[in-house]
Amino acid sequence: MFSLELIESIVGLVTIIAAYFIVVSLTGYFRAWVAVQMGDDTPAYMGFLTLNPLKHVDPLGFIFLILFGFGWGRYIPIMPFNIIGRFRKLKIFIANFADIFANFALATVSLVGLIVYFGADVLRLSLPMMLLDSLRVVDHAGFFGFVKAISVIKATLEAAYPTSSSFAISMVLITIATMYLSVLLAALNFIISGFGYVYMMFNGFTSSRRYSSNIFMLLIPMLLIFFFIGPLRVFVAKLIASLAAVLAKLLRFY
């Protein structure tokens, strides 16, 4: 007979995996689509102009997702020398940061959806939901620690909204996990894409990620991630919470 802890772990894993497929598929497709619109067909030639999640799953990112709840999708390269014409630098900028906009928009829409379903009161839970690791009531460090955080959110929602069905709560959990991964990837992609864009600037926008062959150039974004990913996640989450509240109010959802 299955224990309650095992069932909660399975629910947590299924929730985070479903959200991962949604996030990497939508944001990866959007980045590829924007790059093509800006003049770079490379993502299309490489097969990224699709919503098929298998094309956007990064094996190492998926493994980290399962173990730590921290995952990422496949990197979609942008070749700046393919982007020409008027406003070239602006178009390269837009293509390079398109996935960050997609992450931001997906998290905002998800939170607005929760406001529509639960009402404005859900905003008080928005930061814990988008960050997961801000739930200090439970130790969720180490392997599968994120499952505990999802379980705490699930219990909190069931207690706060007892009339909601199990199916509705499951869909809400996937929405929350989508917000969490979108916020995480927005911060992560900002660092990686930002570093790549600065590198391209110093090379006159004639190369893309050639620094990958230089171990020292690889260490720089890794150090930036180590030091700044936490504060950036909090900043992005707060910004999304504020924007979602304004949008929901303007649309008279509460």
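Read-outs: derived from the displayed coordinates by stated rules, not from any lab. All values reported here derive from a predicted model rather than from experimental measurement. Ideal geometry is used to build each Cβ from the backbone, glycine not excepted, and the neighbour counts take in all protein chains shown.
Between residue 8 and residue 46, the modelled labels are 4.1 nm apart [label points 7 Å from Cα along Cα→Cβ]. With contacts taken as Cα pairs under 8 Å and at least 6 residues apart, the chain reaches a relative contact order of 25 percent.
Hydrodynamic radius of the chain by the Kirkwood approach over all distinct alpha-carbon pairs: 19.2 Å.
Can you work out the FRET efficiency for the pair residue 252 and residue 203, with r the C-beta to C-beta distance and R0 = 45 Å, to the nearest 0.05?
Result of the calculation: an efficiency of 0.35.
Protection proxy ranking, highest mean first, for peptides 243-253, 159-169: 243-253, 159-169, where packing is the per-residue count of other beta-carbon atoms within 10 Å, averaged.
When 254, 20, 45 are ordered from fewest to most other Cβ atoms inside 10 Å of their Cβ, what list results?
Details: 254 14, 20 25, 45 10.
Ranked by crowding around the Cβ, least crowded first: 45, 254, 20.
Say R0 is 30 Å: what FRET efficiency, to the nearest 0.05, do residue 64 and residue 168 get from their beta-carbon distance? After rounding to 0.05, the efficiency reads 0.50. Helical runs assigned H by DSSP (4 residues or longer) give the chain a calculated mean residue ellipticity at 222 nm of -23500 deg cm²/dmol, each run adding -39500 (n - 2.57) before division by the residue total.
Label separation (residue 94 vs residue 117): 3.4 nm, computed from points 7 Å beyond Cα along the C-beta direction.
With the simple model of a label 7 Å out from the Cα in the direction of the Cβ, residue 37 to residue 222 spans 3.6 nm.
Cβ crowding within 10 Å ranks 171, 200, 222 as 222, 171, 200, fewest other Cβ atoms first.
Of all complete DSSP H helices in the chain, those with a Cα span along the helix axis of 18 Å or greater and a mean Kyte-Doolittle hydropathy of -1.0 or more are 4-38, 98-118, 145-160, 166-202, 215-250.
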